[in-house]
Structures are given as structure tokens and as C-alpha cells.
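The values are calculated or read from the model by the stated rules, or taken from the named source; none is laboratory data. Just so you know, these numbers come straight off a predicted model, no measurement behind them. Here the Cβ positions follow ideal geometry from the backbone for every residue, glycine too, while neighbour counts run over all protein chains shown. These area figures cover heavy atoms from the full protein model, side chains too; ligands, DNA and RNA do not enter into them. Shrake-Rupley method; radii C 1.70, N 1.55, O 1.52, S 1.80 Å.
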Amino acid sequence: MAFGRTTLPSHEGDTGSVETFWPCVGQARTVPDYISLFPQSHEVAPFAGATRNLCDRKLVTLTDQTSALAKFWVFTSAHVAAHFTGVITDDFTSEFDPFSPQFGEKFSPANMPVAIKDWSGAEISRVYTDQWGTYNGLTYSTWEVNPPNPTGYAPTMMVTCMNDAGSGATPDPLYNPAYSQFCYEIPFMPGQTQYMDTPVVPTSAFAGAGYNNPDCDYPDATPAVSEVDGDGIGHG
């Protein structure tokens with residue numbers, strides 16, 4: 001019943017009870033070359049070409065006065081969503097408010113846009129931090145946690161941009177020009193919660209009262225020097 005296994009265990013006991021990996025005794029079939037759930041991935045199936053039994057039935061051995069647990073796994077082509085939660089911090093400022101969750105740590109700017117982008121840079125979602133600089137959300141994940149090839153773990157890589165102004169002609173209304181726009185490449189996995197530490201830095205020279213950095217931009221239509229011409233040495 002071990003199907004030729006000589007080194008791998010047939011039991012595991014990390015769930016509070018010792019579970020036995022009962023052999024599958026469903027209809028025999030030839031395993032296809034690529035995994036059935038996502039054949040378009042062209043990931044070579046384990047035991048490709050071998051004759052194996054389907055796992056819709058299992059052979060459970062009962063002994064006197066015992067019970068048994070047999071698990072049947074359900075697979076779906078719908079990827080389990082990835083979760084994420086994080087905090088934006090100002091790495092140049094400390095938080096001294098004892099009522100803030102960030103007390104004793106770095107200050108967290110409030111109400112900032114966070115853009116989630118795919119590998120090509122296309123924005124797929126946008127969330128906003130709360131008054132304490134924290135945020136959370138969901139995004140799509142990947143087709144498999146552990147593909148059957150030597151590369152092992154296969155996350156979906158997303159580009160997460162803090163204080164993102166957006167790509168349109170008009171910036172996001174909550175974009176804060178007093179802070180930088182930082183992007184981070186983050187891995188996302190099915191059902192996993194990604195905990196993200198994503199700082200920004202102030203773009204102005206001095207921190208003002210209440211940790212809000214001063215607005216150093218000139219008001220709209222402020223006169224400014226456009227060009228200075230020299231004596232035969234060009235202009236700038």
C-alpha cells in the first residue's frame with residue numbers, strides 16, 4: 001500500500017492527532033504530462049506517465065475499538081486570494097503620542113493612497129491608510145504554492161506603491177506631496193497574509209507642529225524666473 005515509498009512517512013502528528021495517509025484506491029488512470037488543474041502552465045505533473053489510482057476513494061484500515069480520519073482534498077481553478085496588511089511610517093520622525101498605536105516608534109502619516117500594481121505596472125487596486133497609517137486588503141494570488149519543479153515556492157510578485165499619486169492628469173486627492181512616493185516589490189501567496197513594513201520619507205526640510213511637514217510649494221501662478229541670458233556664454 002506504500003506504492004514503492006521507502007523513506008517518506010505514512011503518518012503525521014502535528015494537528016493534535018496522528019493522521020494516517022491512507023492509500024488512494026479510486027479508478028486507475030495514466031497521469032497526464034502536465035498537471036490537470038492548470039495544464040496551460042506546462043508544469044510537469046508528478047508521476048507523469050505512470051498508472052495511479054484516483055483519490056476519490058481511500059482504503060482505510062480499522063482496528064478494534066478505533067476510529068479513523070480520512071481526508072479528501074477538493075481542488076479548484078479559482079485561486080485563493082492573498083491578504084495583506086501593513087503600515088506606512090515616516091522614518092525621519094518619532095511618535096510621542098501615547099494614544100497612538102505607533103507610540104515609541106516611527107510616526108505614521110495618515111490617509112495616504114496605496115496602489116497595488118501587477119508585474120507590468122498596471123494598477124489593479126487602490127486602498128488608503130487610516131488615521132494611524134495602517135492599511136489592509138485583498139489581491140489575487142498565484143496558481144500554486146509549491147509547483148512540481150526545482151524552483152520551489154512560486155509567489156505572485158506585486159509592486160506596492162506608497163503615497164501613490166496615480167497615473168492620471170489629476171493626482172489622487174489624498175496624495176501628500178510632503179512625502180515621497182516609494183514602491184516595494186512584495187510576494188503574495190494563496191491564503192497567506194503578507195505583513196508589510198513600508199516607510200516613506202518627508203520631502204520638505206523641517207517637520208511642523210503635529211508632525212505634519214510644511215507645504216514648501218509656491219502658490220499657483222507665483223512669478224518665477226524663467227531664463228537668465230549671459231554675455232555670449234549661453235543662457236540657462
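Annotation: extensible slack from Leu37 through Asp217 equals 59.3 nm (criterion: 0.36 nm per residue apart, minus Cα-Cα distance).
With both labels modelled 7 Å from their Cα along Cα-to-Cβ, the Trp119 to Ala169 distance reads 3.4 nm. Of the two radii for region 12-125, the radius of gyration is 1.23 times the Kirkwood radius, both from the alpha carbons; that is the Rg over Rh value. Ordered from highest to lowest accessible area with the whole protein assembly present and a 1.4 Å probe, Asp130, Asp90, Asp231 read as Asp231, Asp130, Asp90.
Once Rh for region 25-65 is found with the Kirkwood sum over Cα pairs, what is the Stokes-Einstein diffusion coefficient at 20 °C and 1.002 mPa s, in µm²/s? Kindly include the intermediate steps, with their values, before the conclusion.
Values: Rh = 11.8 Å.
So the translational diffusion coefficient is about 181 µm²/s.
Where in region 42-108 are there trypsin sites (Lys or Arg not before Pro) that are in a DSSP coil and have at most 15 other Cβ atoms within 10 angstrom of their Cβ? Hits after loop and neighbour filter: Arg57, Lys71. When the surface is traced with a 1.4 Å probe over the full set of protein chains, Thr61 keeps roughly 90 Å² accessible. The chymotrypsin sites (Phe, Trp or Tyr not before Pro) of region 83-122 meeting both criteria, a DSSP state outside H, G, I, E and B (loop) and at most 16 other C-beta atoms within 10 angstrom of the site's C-beta, are Phe96, Phe99, Phe103, Trp119. Here the alpha carbons of region 152-201 define both size measures, Rg and Dmax, at 13.6, 43 Å. Among the GluC sites (Glu not before Pro) within region 48-139, those in coil by DSSP and having at most 16 neighbouring Cβ atoms inside 10 Å are Glu105. For region 83-197, the alpha-carbon radius of gyration amounts to 1.18 times the rule-of-thumb value 2.2 N^0.38 Å expected for a compact globular protein. Please work out the C-alpha center-to-center distance from region 59-99 to region 107-121 and express it in whole Å. Centre-to-centre distance over Cα atoms comes out at 24 Å.
Heavy-atom accessible surface of Leu62, to the nearest 10 Å², is about 120 Å², with a 1.4 Å probe and all protein chains retained.
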